[in-house]
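One structure below.
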Amino acid sequence: MKSLMYIFVLALLVSCSTARVTDSWINNDYANYQPNKILIIGLTDNLSGRTLFEEQLKKELSNRGIEAVESYKVFKPTFTSSKQTEEEIDEEIKRLSKDGFDAVLISAVKGVDEKISYSGDDFRTNYYWRRFGRYYYLTQDVYHVNGYYNKYKIYHIEASLYNLKEDNDKSLVWVASYDIIDPKQINKTVTNYVTAITKSLEKHQIIKSN
């Protein structure tokens, strides 16, 4: 589905951690908007991750009375296997609208930060080491202990909901940003991300609370 990168993107990580919402916004023109049929799109090279996400989010939306369909059941392999022009994507959007879809969920990884945490004793700020020997003794593990510094990544993800019935600058209904910290397992990552998305949509009353 790389052909859809410029218009609908849902990036899934191949591992897992807590998804934390950092910001969210809703278009005031859609104060009472509630979609009826949403296309869920998972963009990832991990086929199992894509399938898992789309099926989990479909279940959550269905439990709230919204018809939702997984993208792997809608897009033809010939459409997703090669890069499409804007005109070809527009034609696909028209087809989706004719099939009754009035919204599409979009998400993209906006950036990845690599962080380093200190794995030794807690950093002390209330005094200075008076002797070099003592300082060196307590700090030398940086040379000798594997994992003295722990590296981890923070994935910044932006999810959006677009109204397919509008083809203008006002078609964006809702957008939210999430941070996923040091992902480890695909099942938990997908579950946490789906939960974070549904909570955001509930908060803005786009979907009903379960």
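Got a number for residues in region 93-122 being under 22 Å from Lys153 (Cβ atoms) and at pLDDT below 80?
Going residue by residue through region 93-122, those that are under 22 Å from Lys153 (Cβ atoms) are 107-120.
With at pLDDT below 80 added as a condition, the list becomes 107-109, 116-120.
Looking only at that region, the number is 8.
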*region 195-210, residues that are closer than 19 Å to Ala31 by Cβ, assigned to a loop (DSSP other than H, G, I, E, B) and polar (S, T, N, Q)*: Gln205, Ser209
*Out of the residues in region 4-41 that are among the hydroxyl-bearing types (Ser, Thr, Tyr), surrounded by fewer than 19 Cβ atoms within 10 Å (Cβ to Cβ) and outside any loop (DSSP other than H, G, I, E, B), state the one that is modelled with the lowest pLDDT.*
Thr22
*If Lys165 satisfies every condition in (1) assigned to a loop (DSSP other than H, G, I, E, B); (2) farther than 16 Å from Ile106 by Cα but one, which is the exception?*
(2)
*Is there any pair linking a residue in region 96-111 that is in a helix (DSSP H, G or I) to one that is crowded, with 21+ Cβ neighbours inside 10 Å and among the hydrophobic types (A, V, I, L, M, F, W, C), with Cβ under 9 Å and at least six apart or on different chains, and which?*
Leu96/Leu39; Leu96/Val104
*asked:* Suppose we keep only residues that are among the acidic types (Asp, Glu) and within 10 Å of the chain's Cα centre (by Cα) within region 151-202. Which one would you say is surrounded by the fewest Cβ atoms within 10 Å (Cβ to Cβ)?
replied: Asp179
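Residue under question is Val69, and the condition is that it be closer than 30 Å to Asp182 by Cβ and either modelled with pLDDT of 80 or more or buried (at least 16 other Cβ atoms within 10 Å of the Cβ) (or both); does it hold? It would help to see each step written out before you state the result.
Working: closer than 30 Å to Asp182 by Cβ: no; either modelled with pLDDT of 80 or more or buried (at least 16 other Cβ atoms within 10 Å of the Cβ) (or both): yes.
No, not satisfied.
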_In region 74-95, residue farthest from Gly42 (Cα to Cα) [restricted to those that are of a type in the set (Ser, Thr, Tyr) and assigned to a helix (DSSP H, G or I)]_ = Thr78
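The values are calculated or read from the model by the stated rules, or taken from the named source; none is laboratory data. Remember, it's a predicted structure, so these values are computed and weren't measured experimentally. Here Cβ is always computed from backbone atoms with ideal geometry, including for glycine, and neighbour counts include all displayed protein chains.
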